[in-house]
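Structure first, commentary second.
The values are calculated or read from the model by the stated rules, or taken from the named source; none is laboratory data. Computed from a prediction, not measured in an experiment: that's the story for all the values here. Every residue, glycine as well, gets a Cβ built from its backbone with ideal geometry; the counts of neighbours run over all protein chains shown.
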Amino acid sequence: MSETPVFNPRALVQPDRVHHSVYSDPAIFELEMDRIFGRAWLLLGHESQIRETGSYFTTRMGRESVIVTRSASGRMQVLVNRCTHRGATLCQESKGSVNRFVCPYHGWSFNTDGSLQAVPVPQGYGSDPAKVFEKLSLKRAPRVESYRGFIFASMATEGPPLKEWMGHLASSFDDLVDRAPDGDIEIDGGVFKHVYDGNWKLVLENHLDGVHPNYVHISSVQAANAAPIPGTPEKYADISLRQMRQNGAPEPVWEAVGMWTTDWGHGFMGDYHSDSRLVVGLNNPVFQEYRRRLEARTGPAEADRILAVTRWNSIVYPNVSFMSQFRQVRIVHPLAVDKTVVYTYNIRLKGAPEEMFKDTVAFSNVVNGTASWVLTDDLEVYARVQQGLTARQPEWVVIARGVDADVPDEHGTLRGSTGTSEIFIRRQFGAWLHYMTQEGA
Amino acid sequence: MTTPIDLALLADVQQLLFREAWLLDQQRFDDWLALYTEDATYWVPLEQQQASPLLTSSIIYDDRVLLEVRVRQYSHPRAHARRPLPRTCHQVSNVLLLEVQPDELRVASNLSVVEYRLERQRLWGALVEHRLRRGPQGWGIVSKRVDLVNAESELHGISFLL
């Protein structure tokens, strides 16, 4: 890429504030698609979605449709979903299993590794058509790696390896997968696809924000507080009621949450959760059975260690927010400077009692559901922010809470001075600036 | 259909379904909820042909307790996505008695809803199935399943009842 930036990214990001145009300027958005979503490792899905040879699913990298396949050789491939002939989208399905992808326009067919299989009327391509065709494989993401079964890809040929790039945030994936009694997980149980009229960064700036729940979610907090107190025996509504009520936790609880960040803009909330705060409690028979099965694999000491991790949301910048406690993964797809869609997935801990997957599903309905009491208010506020930021004055957005008080911590992390520090947003913009000031893709 | 249609029963059922739609459009949510039995469920599946509300996520899957939370939230002054409440126009049609027992009915219908809020109007279409049970006050709704034709698409937030 050789375009000259029409703006200076460094002038837009300051230690305690960012310029409103980073959320509202279409030209900046275009450059983000190129320099951030065209380079960073993006989470695409999980290997459980493509276990068999020939199986595939489609998703987006930035705005571009891609097909993630398990090719005949057993290798994972990430293919740009665009015929190399005249450009038609090859695959319309969200998932499936095929021997080859056939273009609807002129019948060009491609193997699941992306290589061109056959072209009608091949004699029209000169004396050595094979030579022409070998250059017409589907565009492949040059780098594909997985971590604990999660598939990431990058459209840049060069850059840090996935594990190095994630840094200590990788331990949040460990937390998720370690919890499975069989040591493995799978994606199942439907996909919410919720759209909001706001910039893609807004959702990533919200999921570690411990101040907003008492304001954005006050109506669901109070509506749930007026319901019967969740308890024993566990009833269907209780997962939802607990989560709605939990959003109303008093300020000192949010202040005490741990907030860790890493290089490249990642971050997670820890020290948040005790298993008794949201689930029915450690004496629940389902939990006891789960623990018994986990111990059968790990032994009691390791089970203690695994279950002592109390993380809430983790963010892998720029496209993921996930959490192990109720096993949710949300993938963020920018659509336009002021429009974003988030795909949310449920995760099953393999070997765990099926009741826990039902908890996962019920939890997703309350926090990720398109009509949920909770999410709808988040989506509304994102749109309100976007609308507000079209005003040219005041120029700046303030991200100052806890500035100058960040604390270096173990594993190369930087910790917020309190749980409500906006450190995670500042670190996201640190990464933003790094990507946006590197020229060339 | 080989069995004769019980027109009086059909009229009763239609009136109930029309009344439900009318109460929603009038934003009389407490009265709307009173149409439902204590053990009622209200289900808007996420997937076509969804078999289970417990093993696959749903746009809404509420028991009575959660429906009450939903209704309470509507009247909260700081329910941001519900201030103002969406204006709706529910159209119920194609009412079909699928299963008739002395005290239980299964009823299919089609639903179209025009929804308007803050300069955005959306049109929804759904295939609906009610299960009704005869009680002392007449027919009560035991379950309602609303299969939106676009349930699997990318959707903005939904802050009204279908």
In the range A:402-427, residues that are free of Cβ contacts under 8 Å to residues at least 60 places away in the same chain, small (Gly, Ala, Ser) and touching a Ser or Thr at 6+ places or on another chain (Cβ under 8 Å) total 2
Near pairs, Cβ below 9 angstrom, 6+ apart or cross-chain, from the range A:70-99 (within 24 Å of A:Gly149 (Cα to Cα)) to any residue that is aliphatic (A, V, I, L, M) and surrounded by fewer than 14 Cβ atoms within 10 Å (Cβ to Cβ): A:Asn99/A:Ala72
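Being hydrophobic (A, V, I, L, M, F, W, C) and within 13 Å of chain B (Cβ to nearest Cβ) narrows it down to one of A:Leu389, A:Leu375, A:Leu414, so name that one.
Values: A:Leu389 fails: within 13 Å of chain B (Cβ to nearest Cβ); A:Leu414 fails: within 13 Å of chain B (Cβ to nearest Cβ).
Result: A:Leu375 is the single residue among A:Leu389, A:Leu375, A:Leu414 that is hydrophobic (A, V, I, L, M, F, W, C) and within 13 Å of chain B (Cβ to nearest Cβ).
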Lone qualifier among A:Arg39, A:Arg51 - being farther than 17 Å from A:Leu162 by Cα and either out of contact with any Asp or Glu (no Cβ under 6 Å at 6 or more places or on another chain) or at pLDDT 95 or above (or both): A:Arg51
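Can you tell which of A:Arg70, A:Arg51 is in contact with a Ser or Thr (Cβ under 9 Å, 6 or more places away or on another chain) and either among the hydrophobic types (A, V, I, L, M, F, W, C) or outside the structural domain of A:Phe322 (by TED's automatic domain parsing) (or both)?
Details: A:Arg51 fails: in contact with a Ser or Thr (Cβ under 9 Å, 6 or more places away or on another chain).
Every option except A:Arg70 fails the conditions.
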Could you please let me know if A:Thr390 is under 24 Å from A:Arg17 (Cβ atoms) and polar (S, T, N, Q)? yes
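Would you confirm, using the coordinates I've provided, whether B:Thr56 is assigned to a strand (DSSP E or B) and surrounded by 19 or more Cβ atoms within 10 Å (Cβ to Cβ)? Working first, answer last.
Values: assigned to a strand (DSSP E or B): no; surrounded by 19 or more Cβ atoms within 10 Å (Cβ to Cβ): yes.
It is false that B:Thr56 is assigned to a strand (DSSP E or B) and surrounded by 19 or more Cβ atoms within 10 Å (Cβ to Cβ).
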For the range A:382-417, enumerate the residues that are surrounded by 19 or more Cβ atoms within 10 Å (Cβ to Cβ) and more than 18 Å from A:Ile28 (Cα to Cα). A:Tyr382, A:Ala383, A:Ile399, A:Gly402, A:Thr413, A:Leu414, A:Arg415, A:Gly416
Suppose the filter is modelled with pLDDT of 95 or more, part of a loop (DSSP other than H, G, I, E, B) and under 28 Å from A:Trp254 (Cα atoms); does A:His168 pass it? no
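In this structure, is A:Lys193 within 14 Å of another protein chain (Cβ to nearest Cβ), under 21 Å from the mean Cα position of the chain (by Cα) and in contact (Cβ under 8 Å) with a residue 60 or more places away in the chain?
Numbers: within 14 Å of another protein chain (Cβ to nearest Cβ): yes; under 21 Å from the mean Cα position of the chain (by Cα): yes; in contact (Cβ under 8 Å) with a residue 60 or more places away in the chain: yes.
Judged against the criteria, A:Lys193 is a match.
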Any hit, the range B:99-109, residues being surrounded by 15 or more Cβ atoms within 10 Å (Cβ to Cβ) and either part of a helix (DSSP H, G or I) or within 13 Å of another protein chain (Cβ to nearest Cβ) (or both): no
Counting only residues in the range B:127-154 that are under 30 Å from A:Thr59 (Cβ atoms) and free of Cβ contacts under 8 Å to residues at least 40 places away in the same chain, the one surrounded by the fewest Cβ atoms within 10 Å (Cβ to Cβ) is identified as B:Ser153
Of the conditions (1) away from every other protein chain (no Cβ under 14 Å); (2) closer than 21 Å to B:Ala81 by Cβ, A:Gln243 fails just one. Which one is it? (1)
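Can you report the number of residues in the range A:368-401 which are of a type in the set (Gly, Ala, Ser), without any contact (Cβ under 8 Å) to a residue 24 or more places away in the chain and more than 17 Å from A:Lys201 (Cα to Cα)?
2
Suppose we filter the range A:171-190 for residues that are in a helix (DSSP H, G or I), among the charged types (D, E, K, R) and under 17 Å from the mean Cα position of the chain (by Cα); how many remain? Give the steps one after another, and end with the answer.
To start, the set of residues in the range A:171-190 that are in a helix (DSSP H, G or I) comprises A:171-178.
If we keep only those that are among the charged types (D, E, K, R) too, we end up with A:174-175, A:178.
When the remaining residues are screened for being under 17 Å from the mean Cα position of the chain (by Cα), the result is A:174-175.
The number of residues fulfilling the criteria is 2.
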Go through the range B:40-74 and give me each residue that's more than 7 Å from chain A (Cβ to nearest Cβ), more than 24 Å from A:Arg327 (Cα to Cα) and either touching a residue at least 60 places away in the same chain (Cβ under 8 Å) or hydroxyl-bearing (Ser, Thr, Tyr) (or both). B:Ala40, B:Thr41, B:Tyr42, B:Tyr74
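Scan the range A:341-372 for residues that are in a loop (DSSP other than H, G, I, E, B), at the interface with chain B (Cβ under 7 Å from one of its Cβ atoms) and small (Gly, Ala, Ser) and jot them down. I'd like the intermediate steps shown before the answer.
In the first step, residues of the range A:341-372 are kept if they are in a loop (DSSP other than H, G, I, E, B); the result is A:350-353, A:368-372.
Then drop every residue that is not at the interface with chain B (Cβ under 7 Å from one of its Cβ atoms), which leaves A:369-371.
Hits for the range A:341-372 are A:Gly369, A:Ala371.
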